[in-house]
Amino acid sequence: AAAMAAERAPAMATCTAPVNIAVIKYWGKRDTDLILPINSSLSVTLHQDQLKTTTTAAASRDFTEDRLWLNGKEEDVGHPRVQACLREVRRLARKRRGGSEDAAALSLSYKIHIASENNFPTAAGLASSAAGYACLVSALARLYGVEEELSEVARRGSGSACRSMFGGFVQWQRGERPDGTDSLALQVAPETHWPELRVLVLVVRGREGIWDSGGSGGAVSHCLCPPQVSGEKKPVGSTAGMQTSVETSPLLKHRAEVVVPERLAQMMRHIRERDFEGFGQLAMRDSNQFHATCLDTFPPIFYLTDLSRHIIALAHRYNAHHGHTKVAYTFDAGPNAVIFALADTVAEFVEVVRRSFPPATNGDQFVRGLPVGSAALSQELVAAVVTEPLPGAVRYILHTKPGPGPQLVDDPSQHLLGADGLPRSR
Ligand code: DP6
């Protein structure tokens, strides 16, 4: 019976994948089905010690249907983007096997079970769909023994997911071909290239209820589907938003054709030279132009809030006080701010944020992630930079840095699915 059970245990693979934050933004598709962008983009992959998705994919002849669990809750596996990723990985596996029936290879006809979890609260703006699809594709590829370049497959899940297939600094080149075979992610530099670079994610208080799983066993909506926000009007998601922008914004057209090609070359140079001043200024300008294209969309889309504008103004006052660019902000299609800084600036700027947005509760930690030293602020700095504090507006700060791409999890005790193919209660 023991031998029987062993033989029947599902084949399983577990991977982790990172979040990325774009410094030259992707906004707009030229092909909505294949997810082909109107411009190239460039991002920084964030470290998985702070932000990661873990996904287990399992296959067994005993499974009677495909199933998917996100953060412990069963979701619709028929989601077209999940299906596109599954189809493409299987296609690569079939190609690899060259049509020959390899008895040792895992059958492509078996049903699969997938479980995926984030180590961070599901939230608009933490780019969790990128980590989610990068992780799904990595785990499926491992399960089927596919070793090809997979950013093209991850792109079918979510455009920005292709950039989460590499660590460090990553370019998604738009490509020219209509079939998308040249619309790929490429690593510009590894995470070790710029050891002093740090990232602060300012997680803002906002639509209550979506930031935390609230101790309910993590049973909240996950990245593969847009988060459900109850009780309040949901801002337009990036997929729908960018399509309206493509259809209506002349600024976006100009941006894609003229501005981004120039900026991409500049940004690559700033990264290569580790020029924080240049990198930071261009990241801020590109975030601002992305949000300008949202305002230029008709009807307009607003992702920046009053709080975002407070944070933007604070960063500019801080840089002006120091006489050069020491911090740089960037915002995606959600209210959280992402700040880039060099390591020697972090403690002081975190203190500035703490003074500007005094934590409302003393219960949970205001600063999370990598340790942050203490800093005493000069009177001049406080007077010049900290104007009208907004208590409680920033919920916490996550301190992180650039990190590596998807990882294989070797330890079988870390699988999210048990030998019965069902999510492990943890
Ligand atoms: C503002 O990759 O989420 O974060 O391809 O439709 O899934 P889909 O969109 P998505 O868009 C990300 C937009 C952005 C900018 C960026 O990450 O480059």
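The values are calculated or read from the model by the stated rules, or taken from the named source; none is laboratory data. What you see is a predicted model, and the numbers here were worked out from it, not measured in a lab. Here Cβ is always computed from backbone atoms with ideal geometry, including for glycine, and neighbour counts include all displayed protein chains. Note: areas computed on protein heavy atoms with side chains; ligands, DNA, RNA excluded. Shrake-Rupley method; radii C 1.70, N 1.55, O 1.52, S 1.80 Å.
Residues in segment 146-191 that are closer than 19 Å to VAL260 by Cβ, within 14 Å of the ligand (Cβ to nearest atom) and in a loop (DSSP other than H, G, I, E, B): GLN173, ARG174, GLY180, SER183. Note on segment 257-373: enclosed strands (runs of 3 or more DSSP E) holding 1 or more residues that are hydrophobic (A, V, I, L, M, F, W, C) and in contact with a Lys or Arg (Cβ under 6 Å, 6 or more places away or on another chain) are 337-342.
Assess whether ALA283 counts as being crowded, with 17+ Cβ neighbours inside 10 Å and under 30 Å from ASP344 (Cβ atoms). Here the answer is yes, as ALA283 does meet what is asked. So is SER356 hydroxyl-bearing (Ser, Thr, Tyr), touching a residue at least 40 places away in the same chain (Cβ under 8 Å) and open to solvent by less than 80 Å² (accessible area, probe 1.4 Å) or not? Judged against the criteria, SER356 is a match. For segment 162-199, taking the residues that are among the β-branched types (Val, Ile, Thr) and under 14 Å from LEU42 (Cβ atoms), the one that is least open to solvent (accessible area, probe 1.4 Å) is identified as VAL170. Within segment 55-67, residues that are at positive phi reach no partner that is modelled with pLDDT of 95 or more and part of a loop (DSSP other than H, G, I, E, B) with beta carbons closer than 8 Å at six or more positions or on different chains. GLY72 fulfils the conditions (1) more than 16 Å from the ligand (Cβ to nearest atom); (2) closer than 23 Å to ASN118 by Cβ; (3) modelled with pLDDT of 95 or more except for a single criterion, (3).
Scanning segment 152-161 for residues that are surrounded by 24 or more Cβ atoms within 10 Å (Cβ to Cβ) and of a type outside the set (A, V, I, L, M) yields ARG155, ARG156, GLY157, SER158, GLY159, SER160. So, PHE302, is that one out of contact with any Asp or Glu (no Cβ under 7 Å at 6 or more places or on another chain), open to solvent by 60 Å² or more (accessible area, probe 1.4 Å) and within 14 Å of the ligand (Cβ to nearest atom) or not? Yes. Among all residues of segment 21-37, there is none that is away from the ligand (no atom under 16 Å from the Cβ), hydroxyl-bearing (Ser, Thr, Tyr), over 20 Å from LEU186 (Cβ atoms) and not assigned by the TED database to the domain that holds GLU262. The criterion of at least 1 residues that are open to solvent by 20 Å² or more (accessible area, probe 1.4 Å) and farther than 30 Å from LYS401 by Cβ is met by the following strands (runs of 3 or more DSSP E) wholly inside segment 1-120: 11-18, 29-31, 67-70, 73-75, 111-118. Scanning segment 45-74 for residues that are hydrophobic (A, V, I, L, M, F, W, C) and out of contact with any Asp or Glu (no Cβ under 9 Å at 6 or more places or on another chain), we see that the one that is nearest to VAL137 (Cα to Cα) is ALA57.
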